[in-house]
Amino acid sequence: MKVAKFGGTSVADAGQILKIFDIVKADPGRRIIVVSAPGKRSKTDTKVTDLLIACAEAMLKHGQADIELAVIVERFACIQKELGAPESITREIESDLRQRLAGDRKHHGKFMDSLKAAGEDNCAKLVAAAFKQRGMDAHYVSPREAGLLLSAEFGNAQVLEKSYAALAALAQRPGVTIFPGFFGYTEAGEVATFPRGGSDITGAILAAAVQAEVYENFTDVDSVYACDPRIEPEAPAIALLTYREMRELAYAGFGVFHDEAIVPAVQANVPICIKNTNRPAAPGTKIVPQRTAAGGGVVGVASADGFSTIFVSKYLMNREVGFGRKLLQILEAEKISYEHAPTGIDNMSVILRSKELTPAKEAHVITRITEELNPDDVEIEHGLALIMIVGEGMRYAVGLASKATRALAEAGVNIEMLNQGASEISIMFGVKEADRKKAVRALYHAFFAPTHGAQESS
Ligand code: ASP
């Protein structure tokens, strides 16, 4: 049995949904289908999830959201009409949205999640109806009924372990299950969503629960590329990646697959295949536990903006027992999660996502560090980008770091931070956001398209 997930652009209009119909029909193994909310039909279009967020915000701010609601209903009505599905579906979607908008607004996060989940939920109902109308034995299944239980971290939920046993029963259902991505329910019965892009996580959880032979992740590109094709259009497709490589690349900005979706697949040993709804015959990228020829050095260069560094220095820090713990404990107490903490002899940096900080939180953290740790200096710097070069074979390659730093130096990029993970399958560089693209290009050319000699990757 296969689990197939279709992203936002794959359900953006009726034409795309009919491509899914053909893909599902072509393989009887595709028995569990996870769908996103309708995404962008063109570059200037807006995703339904973003429309829903705007709608919820209007309701929270002004106590009404008629204009925003009408736009969303129109979006679904358009798909319903093009599919030739019964008009009653649009009416049901409208009444579902009104019901959510009339819900309790005391807890903003819960209210927001209830609205955000409406995109996937109604899309799944519409897709199931359209497939049924065309003679497929397709059924919408609600995450509540199936037992997808999540932590009560609204907007950032995680699956609860006990969900897996309940979800395993999906394998026994007749016909094709159409399951909405992105959300589940807390133990108290409230809607909770995964982080943005979280339909990938739903698909991975279902694939793990039913022990699928493969988790197919359908999107709008043929494969994962060695580097963002918007930066380097010539970047080659990657045919095979390990879980660890994909996790590292996804973490640092490879948008095709959510980094948190790797974990359930890894735990259940389910291979993942990234495929294109618009070209289903293309082989795509396979993500597997191990690559036999794990050599070859660097497989990809990833990058992401939006990081900040807290830099703390204190003479003889290396002799002060518990310094690092105390620093991290201050962040923990302020509910700030951090990403990396490279250290020197007399200094320690903590790298975190800038969205973790507000100006007030930032000032408070600096005050606490100053008062409680008595450092010589503490500074926060914003506008940091992380660049990663990733590859299982990097462990065995000599001179790789020097090659990378040379390439960055020749491109005139100043390295603010350099970190090699303990796994040795990646090296991370911190550079100024303004230098990000230049840095990616330089690394790409160093490892994939050297100006002299044949292509080399180590
Ligand atoms: N619709 C959600 C989002 O836009 C989840 C997803 O598409 O995976 O983030």
FRET efficiency estimate (nearest 0.05) - Cβ-Cβ, Ala411 to Lys106, R0 51 angstrom: 0.45
May I have the extent of the alpha carbons of the chain along their three principal axes, as whole Å values ordered from largest to smallest? 70, 56, 42
Using only Cα atoms and rounding to the nearest 10 degrees, what angle (0 to 90) does helix 14-25 make with the longest principal axis of the chain? 90 degrees
For segment 174-179, Karplus couplings with θ = phi - 60° (6.51, -1.76, 1.60), whole Hz, Gly/Pro x: x, x, 10, 8, 10, 10
Quick one: Karplus J couplings for segment 158-171, per residue in order, coefficients 6.51, -1.76, 1.60, θ = phi - 60°, nearest Hz, x for Gly and Pro? 10, 6, 8, 3, 5, 4, 4, 5, 5, 5, 4, 5, 4, 4
Determine the alpha carbon to alpha carbon distance for each of Lys47/Lys438; Lys25/Lys132; Lys2/Lys40; Lys40/Lys116; Lys110/Lys355; Lys335/Lys355 and list only those over 18 Å. Lys47/Lys438; Lys2/Lys40; Lys110/Lys355
If one compares the long axis through the Cα atoms of helix 400-410 with the longest principal axis of the Cα atoms of the chain, the angle in degrees, nearest 10, works out at 80 degrees
Within the set of other residues whose C-beta is less than 11 Å from the C-beta of Ala4, count the net charge using Lys and Arg as +1 and Asp and Glu as -1. +3
For the Cα atoms of the chain, what angle does the longest principal axis make with the long axis of helix 359-373, in degrees from 0 to 90, nearest 10? 40 degrees
What is the sum of charges, Lys and Arg at +1 and Asp and Glu at -1, for the other residues whose Cβ falls under 13 Å from the Cβ of Lys61? -1
Can you pull out the trypsin sites (Lys or Arg not before Pro) in segment 75-112 whose DSSP state is coil and whose Cβ has at most 10 other Cβ atoms within 10 Å? Lys106
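Read the figures in this text as sums done on the coordinates, not as results from a lab. Remember, predicted model here, so these are calculated numbers, not experimental data. Glycine gets a Cβ as well: all are built from the backbone with ideal geometry, and neighbour counts include every protein chain shown.
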